[in-house]
Amino acid sequence: MKIALMDSGIGLLAATVAVRRLRPDADLVLSLDPEGMPWGPRTPEDLTGRALAVAEAAAAYRPDALIVGCNTATVHALPALRARLEPGVPVIGTVPAIKPAAAGGGHVAIWATPATTGSPYQRGLIEDFAGGVKVTEVPCWGLAEAVEHADEAAITTAVAAAAALTPDEVTTVVLGCTHYELVADLIRSALQRPGRPPLVLHGSAGAVAAQALRRIGSHPEPGAPAVGAVTVLLNGRESGLPAPALAYGEGRLLQEVSPAR
């Protein structure tokens with residue numbers, strides 16, 4: 001089995017590790033666009049063009065499925081990616097976990113990039129899946145970029161700024177950008193109020209990994225031998241994991257269990 005994942009940068013790490021844990025025997029192909037990141041500020045047309053190039057680089061390795069490990073790319077490029085690659089390669093997008101977050105009740109906050117916050121796409125998800133639940137959209141200025149570069153000071157500043165915009169009564173937080181899952185513990189610490197029940201965080205990595213297996217008619221086998229290799233493509237060229245990836249537990253895990261080749 002071979003699963004490919006794509007993103008502009010290291011936001012795909014969370015979904016990559018989720019796939020690795022479900023199927024440690026699967027080969028993984030990680031296709032990144034360091035020359036073009038970040039994708040968020042780009043026009044939809046430009047972003048789609050870059051996403052297609054990154055996807056085609058991964059598709060050359062003949063994966064069984066391709067995960068779009070980026071919320072922004074899913075919003076703008078998913079139809080084009082599916083038109084180009086399916087049915088030969090199933091393409092799985094990443095959607096913010098608004099539905100399961102709203103199902104728990106309480107006040108929900110959605111942390112997302114400024115471009116996604118307030119967008120018709122996100123507002124549509126709220127209308128479809130969070131009816132009757134109070135939702136606060138929180139723009140996280142600079143957080144994805146800080147995580148991408150493993151800039152601890154910038155991460156701390158960005159998390160604090162977003163936390164200041166998050167109402168105290170929030171009980172559940174949707175991590176609406178894949179980069180944010182890499183600093184989930186820091187986000188939880190910034191938001192947890194003394195004397196209140198533990199905050200619930202919802203990411204997308206686990207659900208995306210499970211959906212990829214379903215799309216190819218496979219099943220989780222976490223006890224399978226950890227023999228899957230990891231191939232990293234930086235703008236189509238085989239390389240190692242970007243250095244900032246090793247600042248996070250997800251990146252170190254991939255390096256430890258199956259060194260990139």
Quick one: if you take sqrt(5λ) for each eigenvalue of the C-alpha gyration tensor of region 55-175, what semi-axes come out, biggest first, whole angstrom?
29, 20, 11
Determine the dipole magnitude for region 13-84: charges of +1 sit on the beta-carbon of Lys and Arg, -1 on that of Asp and Glu, nothing else is charged, the reference point is the Cα centre, and the result goes in debye to the nearest 20.
220
Carbon plus sulfur, as percent of the 1.4 Å-probe accessible area of region 128-261, comes to 57
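Checking the a/c ratio against 1.5 first, then a/b against b/c, what shape does the Cα gyration tensor give for region 129-220? Each step should come with its number before you reach the end.
Details: a/c = 2.12, a/b = 1.33, b/c = 1.59.
Cα axes put region 129-220 in the oblate bin.
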Given Cβ charges of +1 for Lys and Arg and -1 for Asp and Glu, the option among Pro220, Ala26, Gly69 whose Cα lies farthest towards the positive end of the dipole of the chain is Pro220
Among (1) 199; (2) 123; (3) 139, only one was calculated for this model; which label is it, if the read-out is volume of the Cα convex hull per residue in Å³?
(2)
Tell me which of Val89, Gly142, Thr117 sits at the most positive position along the dipole axis of region 81-149, charges placed on C-beta atoms (Lys, Arg +1; Asp, Glu -1).
Val89
Sequence-distant residues sharing a close amide H with Ile110 (under 5 Å, placed H)
Thr136, Glu137, Val138, Val174
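Taking Cα pairs under 8 Å and at least six residues apart, what relative contact order does region 57-123 come out at, in percent?
31
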Based on alpha-carbon centroids, what's the gap between region 70-122 and region 2-29 in Å, whole number please?
17
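With runs of 4+ DSSP H residues as the only contributors, calculate the mean residue ellipticity of the chain at 222 nm using -39,500 (n - 2.57) per run, divided by the residue total and rounded to the nearest 500.
Values: 10 runs with 104 residues, N = 261.
Estimated from H runs of four or more residues: -12000 deg cm²/dmol.
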With charges set only on the Cβ (+1 for Lys and Arg, -1 for Asp and Glu), what does the dipole of the chain come to about its Cα centre, in debye to the nearest 20?
540
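Please give the per residue accessible area of region 100-252, computed with a probe of 1.4 Å over protein heavy atoms only, in Å². Mind dumping the intermediate values first?
Details: 7070 Å² over 153 residues.
Result: 46 Å² per residue.
Pull out the extension gain between His107 and Gln255, defined as 0.36 nm times the separation in residues minus the alpha carbon to alpha carbon distance; nm, one decimal. Intermediate results must be reported in sequence, preceding the final value.
Details: separation 148, 0.36 × 148 = 53.28 nm, distance 3.80 nm.
Here the segment from His107 to Gln255 would lengthen by 49.5 nm.
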Roughly how many nanometres apart are two label points built 7 Å out from the Cα toward the Cβ at Ala229 and Ala83?
3.5
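The values are calculated or read from the model by the stated rules, or taken from the named source; none is laboratory data. All values derive from a computational prediction rather than experimental measurement. Quick reminder, even Gly has a Cβ in these numbers, built from the backbone with ideal geometry, and neighbours come from all protein chains shown. The area values use the complete protein model at the heavy-atom level, side chains included, leaving out ligands, DNA and RNA. Shrake-Rupley method; radii C 1.70, N 1.55, O 1.52, S 1.80 Å.
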